[in-house]
Amino acid sequence: MKPPYVPGHGLLRDRVAVVTAAAGTGIGGACARRMLEEGARVVIGDAHERRLSETQAALEKEFGSGSVTAVPCDVTSEEQVQRLFSEAEERFGPIDVVINNAGLGGTATLVEMTDEQWNRVLDVTLNGTMRCTRAALVRMRPRGRGVIVNNASVIGWRAQEGQAHYAAAKAGVMALTRCAAVEAAPYGVRINAVAPSLAMHPFLAKVTTEELLAELTKREALGRYAEPWEVANVIVFLASDYSSYMTGEVVSVSSQHP
């Protein structure tokens, strides 16, 4: 049974937020919508320009043309990451919140995995998070404030067949979060991560077998998968002043944690 949708409470009023991989119906899109509901002005980035444009149009129709802008961004490109942050500042001013949501999965046993498959997943999921975290810190440290939230995964803690590259990348995101948080703390910048397990959306349903989805759902203590907005709620909490004494943490949005 789906839980009722929780209305916004102005937790991010007048803040400027950047969300990567925000096109479509997944966690990134849910974050963008939730942040708008909480009063932020939002810059959405994604490598899929058509879906990004469609997402921007839909959000503008609901929240107004001055509330959201879109910048195409492939996080494997340092040039595109820099453009994302520069255009965000040009449009809305200094950036207060960055949500590093971009990630890439796939399934392959290690003995069958190619270097290209391994490198692609690591470059999007781990290196992309590093690039965006670095770009955010360069801008946030001089201001003495800012919040970064990274999207990790419970698979960074547990083993799953065929997921060595994705698990390694997400475990790396967790370690990056902890180390970057220690470096950023003296400058008043907080960095945390969420570790979702199974957040259902149409694209995931399309690329995952019903058998695997059923197996993963059985692992959940609540007996169901999460809605993307339920993960976005936790991300908004970490981005807000309600989590002002939290940094370097990886928060499980699930019962699956060490």
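Please compute the contact order of segment 50-144 in relative form: average sequence separation of alpha-carbon pairs under 8 Å and at least six residues apart, divided by the residue count, as a percent. It rounds to 29 percent for segment 50-144. Distance between the pseudo-spin-label points of H257 and S67 (7 Å out from Cα toward the beta carbon): 3.1 nm. Excluding same-chain neighbours fewer than eight residues apart, the aspartates and glutamates reachable from K61 by a Cα-Cα span under 17 Å are E37, E38. Pop a pseudo-label 7 angstrom from the Cα along the beta-carbon direction at both A57 and R219 and give the gap in nm to one decimal. Once both label points are built, they end up 3.8 nm from each other. Dividing the mean sequence gap of close Cα pairs (under 8 Å, 6+ apart) by how many residues the chain holds gives a relative contact order of 20 percent. Between the C-alpha center of segment 12-34 and that of segment 211-258 there is a gap of 16 Å.
Rolling a 1.4 Å probe over the protein heavy atoms of segment 126-203, with every protein chain left in place, gives an accessible area that is 58 percent carbon and sulfur. Which of the aspartates and glutamates could a cross-linker bridge to K218, judged by Cα under 14 Å and excluding same-chain residues fewer than eight apart? Cα-Cα hits under 14 Å: E210. Exposed loop sites are taken as chymotrypsin sites (Phe, Trp or Tyr not before Pro) in a DSSP loop (any state but H, G, I, E or B) with at most 16 other beta carbon atoms within 10 Å; the longest stretch of the chain without one runs 6-244.
The simple Förster model, with R0 at 25 Å and r as the Cβ-Cβ distance, assigns R143 and S77 a FRET efficiency of 0.45.
Within the chain, the selection of entire DSSP H helices by a Cα span of 24 Å or greater along the long axis and an average Kyte-Doolittle value of at least -1.0 returns 164-184.
Here the spin labels are modelled as points 7 Å beyond Cα on the Cα-Cβ line, and at H48 and Y242 they lie 3.0 nm apart. For the chain, the solvent-accessible area works out to 48 Å² per residue, with a probe of 1.4 Å and every protein chain left in place.
The values are calculated or read from the model by the stated rules, or taken from the named source; none is laboratory data. Just so you know, these numbers come straight off a predicted model, no measurement behind them. Quick reminder, even Gly has a Cβ in these numbers, built from the backbone with ideal geometry, and neighbours come from all protein chains shown. What goes into the accessible areas is simple: the full protein's heavy atoms, side chains included, and nothing from ligands, DNA or RNA. Shrake-Rupley method; radii C 1.70, N 1.55, O 1.52, S 1.80 Å.
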